[in-house]
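The values are calculated or read from the model by the stated rules, or taken from the named source; none is laboratory data. Just so it is clear, the structure is predicted and the values come from calculations on it, not from any experiment. Cβ coordinates were reconstructed from backbone atoms using ideal geometry, including for glycine residues, and neighbour counts include every protein chain displayed. Just so you know, the surface numbers come from the protein's heavy atoms only, side chains and all, with ligands and any DNA or RNA stripped out. Shrake-Rupley method; radii C 1.70, N 1.55, O 1.52, S 1.80 Å.
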Amino acid sequence: MANLNIDSEKDRTYDAIVIGSGISGGWSAKELCERGLKTLVLERGRDVKHIKDYPTTNMYPWEFEHRNELPYQVKQENPIVSKCYAFHEDAAHFFVKDKEHPYIQDKPFDWIRGYQVGGKSLLWARQTQRWSDFDFEGPARDGFAVDWPIRYADLKSWYDHVERFAGIAGDRDGLPELPDGEFLPGYPLNVVEKYFKQSIEGKYPGRKVISARCAHISQPQPIHIQQGRTQCQNRTLCQRGCPFGGYFSSNSSTLPWAAKTGKMTLRPDSVVHSILYDEGKGRAIGVKVIDRNTKEEIEFYARIIFVNAAAINTNLILLNSTSNRFPNGLGNDSETLGKYVAFHNYNARVYAEYEGLLDFKTEGRNPAGGGYIPRFRNLHEQETDYLRGYAAGFGAWRSESADQSGLGKDLKTSLLNPKLGNWGVGSHMMGETIPKAESYVALDKDKKDDWGVPLLKISIDYDENDHKMKKDYLDTMEEMFKVAGFSNIRRDEAWQAPGLDIHEMGGVRMGHDAKTSVLNKWNQMHAVPNVFVTDGACMTSTSTQNPSLTYMAFSARSVDYAVSEMKKGNL
Ligand SMILES: Cc1cc2nc3c(=O)[nH]c(=O)nc-3n(C[C@H](O)[C@H](O)[C@H](O)COP(=O)(O)OP(=O)(O)OC[C@H]3O[C@@H](n4cnc5c(N)ncnc54)[C@H](O)[C@@H]3O)c2cc1C
Ligand code: SF4
């Protein structure tokens with residue numbers, strides 16, 4: 001029973017509620033507060049204040065008890081999150097541990113989460129590419145899922161808007177399949193990355209190797225200084241939280257900006273259990289929250305609700321929001337809620353060596369991570385026996401090794417003078433997967449978590465299309481590596497489960513038709529117009545681009561629409 005004594009209903013009433021304070025929730029909060037709405041941001045995790053709560057940010061390698069490794073016991077206790085490349089001693093405190101928040105894997109799914117103020121925005125790898133019409137037209141052209149109710153032109157000015165504020169470094173490459181944006185200077189490719197670019201672009205028209213675009217302030221603009229952020233120092237210790245605000249996170253950027261308006265109330269430790277639906281009014285009226293620490297039940301009310309709990313948790317909250325009108329989850333007239341979930345196929349890598357350009361080495365670090373090969377398969381016509389395509393990362397580094405034999409002075413001398421070896425080169429695939437009804441998340445009927453919320457069952461897998469795409473990537477990258485004269489080429493079939501790409505999307509998809517989708521073109525529920533979903537749950541298809549920039553643009557666009565509808569008296 002809701003505790004109605006803690007304060008009056010009026011004190012628990014806001015203009016807007018945002019569920020989740022990660023990348024998308026931070027943007028929703030900023031945009032709502034800027035437009036003058038009294039906004040409550042509910043976050044299930046603890047508070048994390050910019051700089052103050054980055055305990056490892058300035059630690060030297062030798063100051064870590066385990067030299068930034070995690071003890072065997074921690075890895076044994078956390079078999080899922082330990083698979084994430086960033087789960088180390090310096091950032092482990094920002095990851096959900098396996099036992100803290102169990103879920104049911106009907107099929108293997110590595111669900112990587114960050115439950116705190118800022119969500120995964122503290123941890124992300126900051127790769128940011130726009131979608132193009134090759135992506136938005138994909139389902140209609142290739143006959144899967146449903147047609148996106150928008151096109152690139154609908155989102156373009158919102159990409160401009162979020163890029164200017166967040167700070168995105170990149171080159172203007174002039175590629176229709178990967179539109180240019182409001183970029184700060186890009187990070188240069190190193191000599192071998194440039195060499196690979198020339199080899200590939202000379203031999204294969206239509207294939208490009210560009211500098212990866214990333215959410216780093218390579219050259220601060222007044223808007224970044226106003227946020228209290230400054231130039232990225234290229235330390236590449238970002239997952240610890242950055243004291244310079246050099247990369248974009250909710251903690252360094254959108255949340256403090258929203259707070260400055262005086263309109264935001266941020267309530268950490270607030271587990272949203274469900275959204276409250278009023279049958280008489282035909283609209284959502286608020287949310288039911290369980291206090292993370294006291295387990296007290298509290299209700300909060302608002303005119304509009306933005307659901308930004310990250311794709312799978314947004315599905316969970318909506319599925320758990322049942323009423324007579326919506327017995328199978330809020331807004332679920334189409335019976336598609338929880339279905340058509342998809343992800344990115346990161347299941348293969350190729351490594352090699354390059355024995356040329358040995359007069360060169362690299363100095364310093366590149367926070368963008370190197371090169372990016374935009375999707376080139378099946379762009380203009382269907383040319384393979386699988387649908388859609390893949391983008392790929394590409395990076396080169398000069399290997400170093402030191403003779404570790406001997407003792408005393410000799411050993412010190414050889415450790416201090418490592419020998420440079422050949423260049424190492426590597427690539428990983430980022431493939432589009434096809435959303436299908438049989439890829440779903442659902443509530444378990446019996447098991448609940450410590451806050452009384454049903455556990456989630458996840459049933460998502462690779463399919464034949466993914467396997468064919470993976471083989472094509474491996475064959476194609478191997479061939480391109482051979483063309484570039486690389487040696488010792490190794491194919492790595494990663495065999496990782498879905499989820500580890502950390503790009504899960506869908507379940508609450510957008511579409512033209514209320515019979516086959518949950519959201520309309522404004523990320524607004526067809527059936528419950530004062531509820532908006534602007535995180536990865538809204539995605540009708542997945543494309544190959546890293547998705548978070550698109551969630552930011554959706555959030556800003558959708559808030560603009562919602563507030564204008566409120567002003568017109570329509571919401
Ligand atoms: C190591 C790593 C690397 C990545 N690299 C990239 C990249 O290079 N590019 C890219 O685009 N993306 C990347 N991602 C993915 C990116 O982090 C996510 O796409 C992005 O954070 C999603 O934003 P969000 O707002 O949907 O979710 P989140 O940022 O996860 O925020 C969701 C918030 O909601 C809260 N929440 C959940 N349930 C509830 C509830 N019931 N009640 C209240 N609050 C709740 C969570 O605690 C969390 O704070 C990466 C992720 C990781 C971990
Ligand atoms: S690379 Fe840039 S953003 Fe990352 S920690 Fe260093 S200064 Fe901060």
>> So in segment 310-331, with the set limited to residues that are touching a residue at least 60 places away in the same chain (Cβ under 8 Å) and in a loop (DSSP other than H, G, I, E, B), which one is nearest to ligand 1 (Cβ to nearest atom)?
In response: 310
> Only one of 158, 111 is within 14 Å of ligand 1 (Cβ to nearest atom), open to solvent by 10 Å² or more (accessible area, probe 1.4 Å), at pLDDT 95 or above and under 18 Å from the mean Cα position of the chain (by Cα); which?
Replying inline: 111
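Could you please give the count of residues in segment 258-269 that are in a strand (DSSP E or B) and buried (at least 21 other Cβ atoms within 10 Å of the Cβ)?
Of segment 258-269, the ones in a strand (DSSP E or B) are 264-267.
Checking which are buried (at least 21 other Cβ atoms within 10 Å of the Cβ) leaves us with 264.
Qualifying residue count, segment 258-269: 1.
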> If you take the residues in segment 224-252 that are within 12 Å of ligand 2 (Cβ to nearest atom) and under 24 Å from residue 16 (Cβ atoms), which one is surrounded by the most Cβ atoms within 10 Å (Cβ to Cβ)?
Replying inline: 248
>> What are the pairs with Cβ atoms under 6 angstrom where one residue, in segment 204-223, is more than 16 Å from ligand 2 (Cβ to nearest atom) and the other, located anywhere, is charged (D, E, K, R) and part of a loop (DSSP other than H, G, I, E, B)? Sequence gap at least six, or different chains.
In response: 210/173
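Can you confirm whether residue 174 is surrounded by fewer than 15 Cβ atoms within 10 Å (Cβ to Cβ) and at pLDDT 95 or above? Steps first, answer last, please.
Numbers: surrounded by fewer than 15 Cβ atoms within 10 Å (Cβ to Cβ): yes; at pLDDT 95 or above: yes.
Criteria met by residue 174.
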> Quick check, is residue 133 in the same structural domain as residue 54 (by TED's automatic domain parsing) and of a type in the set (Asp, Glu)?
Replying inline: yes
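If you go through segment 332-370 one residue at a time, how many are part of a strand (DSSP E or B) and either acidic (Asp, Glu) or open to solvent by less than 10 Å² (accessible area, probe 1.4 Å) (or both)? Break it down stepwise before answering.
Here is the first cut: in segment 332-370, the residues part of a strand (DSSP E or B) are 339-342, 344-345, 348-354.
Now drop any that are not either acidic (Asp, Glu) or open to solvent by less than 10 Å² (accessible area, probe 1.4 Å) (or both), which leaves 341-342, 344-345, 348, 350, 352-353.
Looking only at that region, the number is 8.
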> What are the residues in segment 74-108 that are surrounded by 17 or more Cβ atoms within 10 Å (Cβ to Cβ), in a loop (DSSP other than H, G, I, E, B) and near ligand 1 (Cβ under 9 Å from one of its atoms), if any?
Replying inline: 84, 86, 87, 91, 95, 96
>> Among the residues of segment 211-218, are any surrounded by 24 or more Cβ atoms within 10 Å (Cβ to Cβ), among the charged types (D, E, K, R) and assigned to a loop (DSSP other than H, G, I, E, B)?
In response: yes
>> Just to be sure I understand the filter: pairs with C-beta atoms under 7 Å, separated by 6 or more residues or on different chains, first member in segment 479-494 and closer than 14 Å to residue 396 by Cα and among the β-branched types (Val, Ile, Thr), second member open to solvent by less than 90 Å² (accessible area, probe 1.4 Å) and in a strand (DSSP E or B). Which pairs pass?
In response: 489/350; 489/352
>> Restricting to segment 538-565, and then to whatever is touching a residue at least 40 places away in the same chain (Cβ under 8 Å) and touching a Leu at 6+ places or on another chain (Cβ under 8 Å), can you tell me which residue is surrounded by the fewest Cβ atoms within 10 Å (Cβ to Cβ)?
In response: 563
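Restricting segment 33-73 to residues that are in a helix (DSSP H, G or I) and open to solvent by 40 Å² or more (accessible area, probe 1.4 Å), which is nearest to ligand 1 (Cβ to nearest atom)?
We begin by selecting, within segment 33-73, every residue in a helix (DSSP H, G or I); these are 33-34, 61-63, 72-73.
Now drop any that are not open to solvent by 40 Å² or more (accessible area, probe 1.4 Å), which leaves 34, 61-63, 72-73.
Working: 34: 18, 61: 20, 62: 24, 63: 23, 72: 22, 73: 22 Å.
Checked segment 33-73; the qualifying residue nearest to ligand 1 (Cβ to nearest atom) is 34.
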> (1) surrounded by fewer than 18 Cβ atoms within 10 Å (Cβ to Cβ); (2) of a type in the set (D, E, K, R); (3) touching a strand residue (DSSP E or B) at 6+ places or on another chain (Cβ under 9 Å): which one isn't true of residue 377, the others all being true?
Replying inline: (1)
> Inside segment 225-257, can you point out the residues that are on the phi < 0 side of the Ramachandran plot, in a loop (DSSP other than H, G, I, E, B) and away from ligand 1 (no atom under 16 Å from the Cβ)?
Replying inline: 227, 229, 230, 231, 233, 235, 243, 244
>> If residue 476 meets every condition in (1) farther than 28 Å from residue 122 by Cα; (2) open to solvent by less than 70 Å² (accessible area, probe 1.4 Å); (3) in a strand (DSSP E or B) apart from one, which number is that one?
In response: (3)
>> Residues to consider are 48, 18; find the one that is within 16 Å of ligand 2 (Cβ to nearest atom), under 19 Å from the mean Cα position of the chain (by Cα) and assigned by TED's automatic domain parsing to the domain that holds residue 261.
In response: 48
> Name the strands (runs of 3 or more DSSP E) wholly within segment 479-534 that hold at least 1 residues that are surrounded by fewer than 22 Cβ atoms within 10 Å (Cβ to Cβ)?
Replying inline: 487-493
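Determine, yes or no, whether residue 285 is in the same structural domain as residue 93 (by TED's automatic domain parsing), of a type outside the set (Phe, Trp, Tyr), open to solvent by less than 30 Å² (accessible area, probe 1.4 Å) and in a strand (DSSP E or B).
Working: in the same structural domain as residue 93 (by TED's automatic domain parsing): yes; of a type outside the set (Phe, Trp, Tyr): yes; open to solvent by less than 30 Å² (accessible area, probe 1.4 Å): no; in a strand (DSSP E or B): yes.
Considered against the rule, which asks whether it is in the same structural domain as residue 93 (by TED's automatic domain parsing), of a type outside the set (Phe, Trp, Tyr), open to solvent by less than 30 Å² (accessible area, probe 1.4 Å) and in a strand (DSSP E or B), residue 285 comes out as no.
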> Any residue at all in segment 298-307 that is touching a strand residue (DSSP E or B) at 6+ places or on another chain (Cβ under 6 Å), in the same structural domain as residue 439 (by TED's automatic domain parsing) and under 20 Å from residue 103 (Cα atoms)?
Replying inline: no
